[in-house]
Amino acid sequence: MKIETYKERRWQYVRKRILQRDKFIDQYLKRYGKIKNADMVHHIFPVNDFPEYQWEDWNLISLSRQTHNQMHDRITDKLTPKGQELLVRTALKNNIEVPYWYLEVEEKKGIKYDRRY
């Protein structure tokens with residue numbers, strides 16, 4: 001999403017609605033039994049790669065700034081493994097097929113981890 005879009009009235013309305021829906025609680029941490037205030041709304045499927053899901057409520061989640069920064073590599077703006085995990089879980093829940101090229105295969109300590117699951 002372009003920076004200007006975050007200033008638009010439509011985004012401000014949607015952001016407020018999603019934060020209210022999630023009761024201003026970080027939904028990622030809540031899943032693990034932790035409660036932290038949310039002040040950001042995250043696109044699970046990044047807008048630059050999946051513009052068709054930009055305004056879908058199921059693609060938006062309330063997060064704290066700290067959790068949100070863990071979802072993206074701030075240099076490349078690509079999803080981190082944590083962000084990809086959330087994307088895959090959301091895709092499965094909504095019966096969406098994630099393109100094979102989008103999720104990378106990574107090698108760690110001689111073991112291949114296929115993030116496509």
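Every number here is computed from the coordinates shown, using simple stated rules; none is lab data. Values in this document were obtained by computation on a predicted structure and should not be read as measured data. When we count neighbours, we look across all protein chains shown, and the Cβ atoms used for this are built from the backbone with ideal geometry, even at glycine.
Shown for 45, 50, 24: other C-beta atoms within 10 Å of each C-beta, ranked fewest to most, produce the order 24, 50, 45. Residue order for 101, 58, fewest other beta carbons within 10 angstrom first, comes to 101, 58. Pairs of Lys residues in region 3-114 are counted when their Cα atoms are under 20 angstrom apart and they lie 8 or more places apart or on different chains; the count is 15.
Counting neighbouring Cβ atoms within 10 Å and putting the fewest first, the residues 56, 85 line up as 56, 85.
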